[in-house]
Amino acid sequence: MTDTANLGLPCIEGSQAQKHVTHNEALRILDTLVQLAVKDRDLTAPPGSPVEGDRYIVKSGATGVWAGRVNEIAAWQDGVWQISAPRVGWLAYVIDEGALLAWNGSAWVDAIAALTSLNNMTLLGVGTTADATNPFSAKLNNVLFTAKTVAEGGDGHLRTKLSKESAVKTLSFLFQDNYSGRAEIGLTGDDDFHFKVSPDGSAWHEGIVIDRATGAVTFPNTTIAGGRELLTANRTYYVRGDGADTNNGLSNSADGAFKTIAKAVSVVAGLDLSVFGVTIQLGAAGTYAGFVVSAPFVGGPGSFVQLQGDTGAPGSYVISSQITVQNNAGLLVKGVKFVSSDNGLNASAGATVTINGAVEFGATTSNHIYCQQQARVLINAAYSITGSAAYHIQCRDGGFVFAAGLIITISGTLSFTYVTAYNCGIAQLNSNTYAGSYTVTGSRYSANVNGCILVLGAGATYLPGNSSGSTASGGQYS
């Protein structure tokens, strides 16, 4: 072997004279090629006054002693140009460009761009220094991602994929002002898609939430003119005597609850319930003003709105004036006491009121229950009567009251006509048990002008009262 395989270093023969000449030539080649850093790669002629050790990559079109040596390494050594041909994989640092090049067999190319695989790096900084908190960091002004075309072997699409460990984790883009958060989008703490903003990086406000299951969009802090918030789950609004109607009603506290039921009803009237329900929960024992539900709540099958006190102590949650439900609206009621200088409960014009938990009827001037104009009152739970009225139940003009198979507890000495049905009003009251210690002064029933009271043969003395009932003008008691 006369030269080494990789760097072309001359070898000393065993019987060679002047071995030092061959040895020094090899050292010069090593000095040229090891830790290769060239001053320039853009010269087509040797510089006029080279310095010992200067190295260059010869440019195409070179003249003089560099002629025909394009892309080779020219080093000024001992007053002559030492020229070496590169091998595939050699690296050269170009000083005037600050570029690291690699020889690929036909050209000097960007060494980093030539890499086809770079795996398991722990830190990567682009224009800045990465650290353990931000192991991939970039400091730059523009970023471009572009799809690999079909002609290049791709499919022309571009999709960025981000994945988190579990639903309770966060996967998001955080937008900052001088490293203080101002906006965030992503899966923040669950799998719904959230849009948030912050004035200071500490307090955050939801702007938009997209439900992962239905795609429904909600605007937690926005009231849209002409639009409705679409519920994606059941919701509870709280009402307390120490609340305020300027609150949002979503927590059972003085600074969270509404003050009036009317405010809660107004807020619910602005929602689209979808298939969900809203409970208006009286958050503390006390006395609350009545209210009007003047139109149906917006929602689909299965949706509902319910007023709820405490079914274990309904007498502690007093509604002190009439509840009116009308115009085909619907309402569920339980756990409250009705007291009023008018009617306790007034259902009219096609409305439906369902009492689905214990309630108490206290003193009212007119009716405990007034049902008219094709409205319905459906009582599906045991209840109590503790106050007097003109009528306990009055149904008229096609109104229908159903209260059958119940235990109805009456207390004290009271006065009222128990039930009157007038002008095609219907009351179905069969199979009830009237319990408690009481005296009721008044007629048991009155059915007039085709009104109908259904007791299914229970008899004329079945209903509470101390005087006989009556029928007239086609009225029926049977």
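The values are calculated or read from the model by the stated rules, or taken from the named source; none is laboratory data. What you see is a predicted model, and the numbers here were worked out from it, not measured in a lab. Glycine also receives a Cβ, built like all others from the backbone with ideal geometry; neighbour counts cover every protein chain displayed. Remember, those area values only see protein heavy atoms, side chains included, never the ligands or the DNA or RNA. Shrake-Rupley method; radii C 1.70, N 1.55, O 1.52, S 1.80 Å.
At-a-glance table
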| read-out | value |
| --- | --- |
| Selected residue [of a type outside the set (D, E) and at pLDDT 90 or above] from L30, L100, L9 | L100 |
| Any hit, region 370-377, residues being over 19 Å from A295 (Cα atoms), open to solvent by less than 10 Å² (accessible area, probe 1.4 Å) and within 43 Å of the chain's Cα centre (by Cα) | no |
| Residue match in region 277-284 (condition: modelled with pLDDT of 95 or more and within 23 Å of V217 (Cβ to Cβ)) | yes |
| Residue satisfying all of: in region 121-171; of a type in the set (S, T, N, Q) and not in a loop (DSSP other than H, G, I, E, B); nearest to L187 (Cα to Cα) among these | T170 |
| Residue list for region 426-478, restricted to those being open to solvent by 30 Å² or more (accessible area, probe 1.4 Å), of a type outside the set (G, A, S) and either in a loop (DSSP other than H, G, I, E, B) or closer than 13 Å to A403 by Cβ (or both) | I426, Q428, T433, Y434, R444, V449, N450, L454, L456, T461, Y462, N466 |
| Subset tally (residues that are more than 20 Å from L9 (Cα to Cα) and free of Cβ contacts under 8 Å to residues at least 40 places away in the same chain) for region 53-96 | 12 |
| Region 293-329 - residue that is under 17 Å from S348 (Cβ atoms) and touching a residue at least 40 places away in the same chain (Cβ under 8 Å) and, of those, nearest to the chain's Cα centre (by Cα) | V293 |
| Qualifying residues in region 27-41 (those that are part of a helix (DSSP H, G or I) and under 17 Å from N71 (Cα atoms)) - the one nearest to the chain's Cα centre (by Cα) | L33 |
| Residue among A404, A389 that alone is farther than 11 Å from F361 by Cβ and small (G, A, S) | A404 |
| Given (1) open to solvent by 60 Å² or more (accessible area, probe 1.4 Å); (2) part of a strand (DSSP E or B); (3) among the polar types (S, T, N, Q), number of the condition T420 does not satisfy | (1) |
| Residues being open to solvent by 60 Å² or more (accessible area, probe 1.4 Å) and outside any strand (DSSP E or B) - total across region 80-105 | 6 |
| Pair list, Cβ < 6 Å and 6+ apart or interchain, from region 230-254 residues that are in contact (Cβ under 8 Å) with a residue 24 or more places away in the chain and open to solvent by less than 40 Å² (accessible area, probe 1.4 Å) to residues that are of a type in the set (G, A, S) and outside any loop (DSSP other than H, G, I, E, B) | Y237/A264; V239/A264 |
| Residue list for region 215-229, filter: open to solvent by less than 70 Å² (accessible area, probe 1.4 Å) and on the phi > 0 side of the Ramachandran plot | G215 |
| Qualifying residue in region 244-263 (condition: at pLDDT 95 or above, over 30 Å from N134 (Cα atoms) and β-branched (V, I, T)) | yes |
| Residue match in region 396-403 (condition: over 26 Å from N328 (Cα atoms), open to solvent by 10 Å² or more (accessible area, probe 1.4 Å) and out of contact with any Leu (no Cβ under 6 Å at 6 or more places or on another chain)) | no |
